[in-house]
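Read the structure below first, then the notes.
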Amino acid sequence: MTEVTMATTHGVKKRDIFGELVEGVAAMGAHRKGRITLCSHRVAPLSLPRVNQQLIRRTRAHFRMSRQVFAFRLGEAQYEAAQEVTRRIAKEGRKYGVGLLPVSQRSSERRR
């Protein structure tokens, strides 16, 4: 059995390295039996920050933007996020049984 001496504030404490390894391997085995996956694991939703007039004004002042430019940037960011989600669904949707059928009058403006 391998032991390592570790200094603590109250003196010397000996660690059982082999015992810790065995415990870790047992924990891995238990974890594998449970088969925790993204589908079975629940994540608590994040709470959104409270947005009010003062926050918007401070943010606009921080970035030194006029109301018009600030509103344009917000709209642009939402549009870009929607485009990114659409691209991802188009690329990976088949894995989840989802597909897209894009229809456009301006097919030359379509990105791949």
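Report the gain in length on full extension from residue 105 to residue 16: 0.36 nm times residue separation, minus Cα-Cα distance, nm rounded to one decimal.
Here the answer is 25.0 nm.
Once you sort the root eigenvalues of the Cα gyration tensor of the stretch 52-95 as a ≥ b ≥ c, which label holds: rounded (a/c under 1.5), prolate (a/b larger than b/c) or oblate (the other case)?
prolate
List the lysines whose alpha-carbon lies under 29 Å from that of residue 14, not counting same-chain residues fewer than 8 positions away?
Excluding near neighbours in sequence, the set is empty.
Which net charge results for the neighbourhood of residue 81, defined as the other residues with beta-carbon distances under 14 angstrom from its beta-carbon, given Lys and Arg at +1 and Asp and Glu at -1?
Around residue 81, the surrounding residues sum to 0.
Quick one: net charge around residue 57, please, counting Lys, Arg +1 and Asp, Glu -1 for every other residue with C-beta under 14 Å from its C-beta.
My count for the surroundings of residue 57 gives +4.
What is the fewest-to-most order of 65, 28 by other Cβ atoms lying within 10 Å of their Cβ?
The fewest-first ordering by Cβ neighbours comes to 28, 65.
On a full-extension model of 0.36 nm per residue, what is the gain between residue 50 and residue 62, subtracting their alpha-carbon distance, rounded to one decimal in nm?
Here the answer is 2.5 nm.
With a sphere of radius 15 Å drawn around the Cβ of residue 68, what net charge do the other residues whose Cβ falls strictly inside it have (Lys, Arg +1; Asp, Glu -1)?
That works out to +4.
Read-outs: derived from the displayed coordinates by stated rules, not from any lab. Because the structure is predicted, anything quoted here is derived from the model rather than measured. Counting neighbours? That spans all protein chains shown, and the Cβs are built from the backbone with ideal geometry, glycine included.
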